[in-house]
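Report on one structure; see the data block that follows.
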Amino acid sequence: MKRVRALRTKAGLVTGVTLFAGLGLGVTSAPAQAQARAYSCPSGDICFYSGDDGTGDRCNWDANDADWRNGAIRCSWSADKNVRSVYNNGTSGMAVVYYSGANYETRKGCTTKGKKGNLAGTYKLRSHKWVSSC
């Protein structure tokens with residue numbers, strides 16, 4: 001079964017001090033959410049990120065997707081945010097071609113297995129497919 005996982009990686013550490021009335025005792029709280037590693041991507045997946053260097057929101061797949069916004073699997077942020085970086089963490093040796101249009105229209109780029117980096121353009125992506133080579 002195909003799954004996509006959205007991950008918020010831009011969250012910073014949140015630390016607060018609570019002062020107890022009359023006691024003057026300071027207590028430091030634990031971080032609400034630790035910052036995720038850049039380019040965090042499950043093995044076998046292609047991951048797309050809203051931030052540079054594998055940061056920001058993430059959507060990932062282990063199979064083709066003809067429409068990120070209206071298909072069975074949805075990348076909720078892709079309609080409003082540009083895709084800024086990509087990581088092909090696939091295990092099959094295949095490359096991934098990505099497109100700005102649904103149904104594999106208007107090719108924007110291709111990333112081979114094991115490669116990651118920032119995208120040169122400023123565009124919203126909408127579909128991708130695994131291919132034998134770029």
note = Of those in the range 97-134 that are among the aliphatic types (A, V, I, L, M), farther than 14 Å from TYR49 by Cβ and in contact with a Lys or Arg (Cβ under 9 Å, 6 or more places away or on another chain), the residue surrounded by the most Cβ atoms within 10 Å (Cβ to Cβ) is VAL97
request  = Would you mind telling me which numbered condition in (1) under 14 Å from the mean Cα position of the chain (by Cα); (2) hydroxyl-bearing (Ser, Thr, Tyr); (3) in a strand (DSSP E or B) TYR39 fails?
outcome  = (3)
message = Can you tell me which residue is farthest from CYS41 (Cα to Cα) among those in the range 68-91 that are touching a strand residue (DSSP E or B) at 6+ places or on another chain (Cβ under 9 Å) and hydrophobic (A, V, I, L, M, F, W, C)?
response = ALA72
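Each reported figure results from applying straightforward, stated rules to the coordinates on display, with no laboratory input. Computed from a predicted structure; not experimentally measured. Note that each Cβ is placed from the backbone with ideal geometry, even for glycine, and that neighbours are counted across all protein chains shown.
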